[in-house]
Amino acid sequence: MSHLVLASSSPHRKALLERFGLAFEVVSPNVDETPRSGETASDMVMRLALLKARVVGEAHPRALVIGSDQCALRDGRILGKPGGFEAAVEQLAGSAGRCVTFHTGLCLLNTANGDTQVEDVITRVTFRALSHAQITAYVRRETPYQCAGSFMSERLGIALVEAFEGQDPTALIGLPLIQLVSMLMRAGLNPLSDAIDHEPL
C-alpha cells in the first residue's frame, strides 16, 4: 500500500481523511497563496492544490500526496480567508441572502511516477438573510478567520445556509472525499479494501 500524505495544516481536512481508516502522515505546506493577476477562482484553487502537493512531495519520493485549496466566489470577486473579525463580518454581510460559489481544488500526486490528478469541485451555497447581530454572534463563536468566505459548514455555520447545490458535501469542509476516493482508486489505493484497524498517524 502506498504511503499517504496529506499536505495541509487544516484539522478539518485531517478529520475528514481519518474517515477512511487509512494510515497517513500530515505535513503542513509552506506556499504563497496569493492569487495571480487575471487568475480565475477555478484556476487558482487547482494551482494551489497542486503546488501544495508538489512542495510536500519533494520530501516524500514514494508517496501519494493530497493537496487541497478553497476559495469562495461572489459577483466575480474571490473571497479568501478573512484573517480577522471585521473582515469576516464584512464578507458574511455581503453574502447574506445571496448565492456564493465555493471552489475546492483537489490534487493527488503520485511522487513515485509523477502521475497527477487535479479537479475543481464546485458547491453553490445560498445564504439566509442574516442580521448584523446574527453574523457577529456567529463570527465571535466560530472565529472562521482561516476559512474561505468566513464560512465553516461543519459547525454552527450550517445555520447560515438556506440551501446548497453540489456533488460532494465534504467539499465545503475543504476535502471532497467522493472525488478523492475516485482518485485514490485510480492510483491503486482503495479505502474499501486497504483500511487498517489502528488509528492514522
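Quick note: the coordinates plus some simple rules give every number you see, no bench work behind them. The structure displayed is predicted, hence computed values, not measured ones. Note that we place each Cβ from the backbone using ideal geometry, even for glycine, and neighbour counts take in every protein chain shown.
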For region 164-176, Karplus couplings with θ = phi - 60° (6.51, -1.76, 1.60), whole Hz, Gly/Pro x: 9, 9, x, 7, 8, x, 6, 4, 5, 7, x, 9, x
Kirkwood Rh, angstrom, region 59-142 [1 / mean 1/r, Cα pairs]: 15.0
Estimated inter-spin distance, D115 and D75, nm [label 7 Å along Cα→Cβ]: 4.5
Of T34, T136, T101, the one that fluctuates the most in a GNM where the chain has Cα springs shorter than 10 Å: T34
Relative contact order for region 3-194, counting Cα pairs under 8 Å that sit 6 or more residues apart, in percent: 22
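Suppose R0 equals 45 Å. What FRET efficiency, 1/(1 + (r/R0)^6) with r the Cβ-Cβ distance, do A23 and R155 give to the nearest 0.05?
Working: r = 27 Å, r/R0 = 0.61.
According to the calculation, E is roughly 0.95.
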Percent of beta bridges antiparallel (DSSP, region 3-194, rounded to nearest 5): 80
Net +/- balance of residues flanking T143 in space, Cβ distance below 12 Å, scoring K and R +1, D and E -1: +3
Rounded Å value of the spacing that divides the Cα centres of region 60-110 and region 122-201: 11
Choice from N30, N190, N113 with maximal GNM fluctuation in the chain (Cα, 10 Å cutoff): N113
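Mind pulling up the Rg/Rh value for the chain? Radius of gyration and Kirkwood radius, both on Cα.
Working: Rg = 17.0 Å, Rh = 17.3 Å.
Result for the chain is an Rg/Rh of 0.98.
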Net dipole in debye of the chain [+1 Lys, Arg Cβ; -1 Asp, Glu Cβ; about Cα centre; nearest 20]: 320
Whole-angstrom Cα spans of region 108-173 along principal axes, big to small: 53, 23, 15
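Which of the trypsin sites (Lys or Arg not before Pro) found in region 1-109 are loop residues per DSSP with 16 or fewer other Cβ atoms within 10 Å of their Cβ? Walk me through the numbers before you get to the answer.
Numbers: sites: R13, K14, R19, R36, R47, K52, R54, R62, R74, R77, R98; in loops: R36, R62, R98.
Passing sites in region 1-109 are R36, R62, R98.
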